[in-house]
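Data first, discussion second: the structure below is written as structure tokens.
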Amino acid sequence: MTVHMKVGKSEAKDASKASRRRFLKRAAATTAAAGAATIAMPNVSRAQTVVLKMQGAWGPTDIFNDFAMEYVDRVNEMAGGRLKIEYLVAGAVVKPFSVMDAVNDGILDAGHWVTAYWYGKHPAASLFGTGPVFGFTAHEGLSWIYKGGGLELYNELHEMLGLDLVGFFCMPMPTQPLGWFSKPVESAADLKGLKYRTVGLATKVMQKLGMSVVQLPGGEIVPALERGVIDAFEYNNPTSDMRFGAHDVRKVYMMGSYHQANEYFEIIFNKTKYNSLPAEHQAILRYAAEAANTANYATAMDQYSKDFIKLQEEYGVTVYRTPKDVFEAQLAAWDEVLGELTQDPFFNKVVESQKAWAKRVMGYLFYNQADYKLAYEHYFGKLPF
């Protein structure tokens, strides 16, 4: 006997609801699984590893190579194996002063050096590292680059010169010493007639003081002095100077100067190569410079201070504070140099940007900063200057 069951409207509706509930449960489970997969497998670049070849402008023993490696290590670790910088010391591919041309031409992918090494292409290049002293240190100079319009002006200079480059800056260098002499410099008159090594716009400043100036990379300084090409020289800091043997050829170290008082490293990349990278890799290259900024300065403070003592206690170097007379003469020399070079509209635009930044920022800082020398002398005794 066959029994026929009649399904009412309410029962059909209940069945439809149950079906929808089953569908929604399956959809929710699928979504949850997809979400878990997203967490387990983040959205990262799966492209083949890119290797960038970077050369520095520094000799093999220079602490500047250590600074460069602090940048390189941060890039390589943050990139997770998908981007790698291979670092080479000066001369591995090109000579130190040829790094920019090699990067621009694609012979190198990247370079680690300073803008003073290419100011011959345009004097304004030196303003991004070895420019005039308007009262700011390298810390405020880097702030100008990243927040005061400096980076935009730097990029504009690249475009003016037709350079295929992208660049970043790091490491606010302490004031560079006046340098190494055969006898103490007691006044600006003592500088006249000396053959002196420096780079960038500092060459013009020191020429105004009556010096004959030669531009040389660090590795060529001591041989040039031994050949009589120069009588005195500066490079950068106690550690770099000690490592290339400055103390072996001169025993008088003059500390403090306005010729290079606010420099930083320039890290450059071939722009075509840089633009071919995914956005996350471009970000790593840029922000690693900010990370290296802190690492470099900490390393410098630790090592420079140790070697400053070592030069005196182990190598018989006598240190002197540069006389106020020399500082005043250097400021007057900067005025002359600026009077000549600000005739160029772009150079003048950069200078005016820096002066506006210095007036505003240092106007605040000088009012607010504590007297650190007073505190130092309170605990450790009077300094001899």
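Every number in this text was worked out from the coordinates using simple rules, so none of it is lab data. Computed from a predicted structure; not experimentally measured. Ideal geometry is used to build each Cβ from the backbone, glycine not excepted, and the neighbour counts take in all protein chains shown.
Neighbours of Val114, meaning other residues whose beta-carbon lies under 11 angstrom from its beta-carbon, give a summed charge of -2 when Lys and Arg score +1 and Asp and Glu score -1.
Restricting the calculation to Cα atoms, the stretch 87-132 shows an Rg/Rh of 1.00 when the hydrodynamic-style radius is the Kirkwood one. Mean residue ellipticity at 222 nm, helices only, the chain: -16000 deg cm²/dmol; runs of at least 4 DSSP H residues each add -39,500 (n - 2.57), and the sum is divided by the number of residues. Cα-based radius of gyration for the stretch 224-381, normalised by 2.2 N^0.38 Å, reads 1.35.
Residue pairs exceeding 21 angstrom between C-alpha atoms, taken from Lys95/Lys310; Lys208/Lys324; Lys183/Lys204; Lys204/Lys306; Lys53/Lys306; Lys204/Lys373: Lys95/Lys310; Lys183/Lys204; Lys204/Lys306; Lys53/Lys306; Lys204/Lys373.
Taking amide hydrogens as placed 1.01 Å from N in the peptide plane, the amide H of Val50 sits under 5 Å from those of Leu83, Lys84, each at least 5 positions away in sequence or on another chain.
Order these peptides, 230-238, 339-347, by their mean beta-carbon neighbour count within 10 angstrom, highest first.
Numbers: 230-238: 23.2, 339-347: 13.2.
The peptides rank, most packed first, as 230-238, 339-347.
Working note: Cα atoms of the chain, range along each principal axis, descending, whole Å: 128, 50, 48. Take the Kirkwood radius over Cα pairs of the stretch 96-236, plug it into Stokes-Einstein at 37 °C and 0.692 mPa s, and you get 199 µm²/s for translational diffusion.
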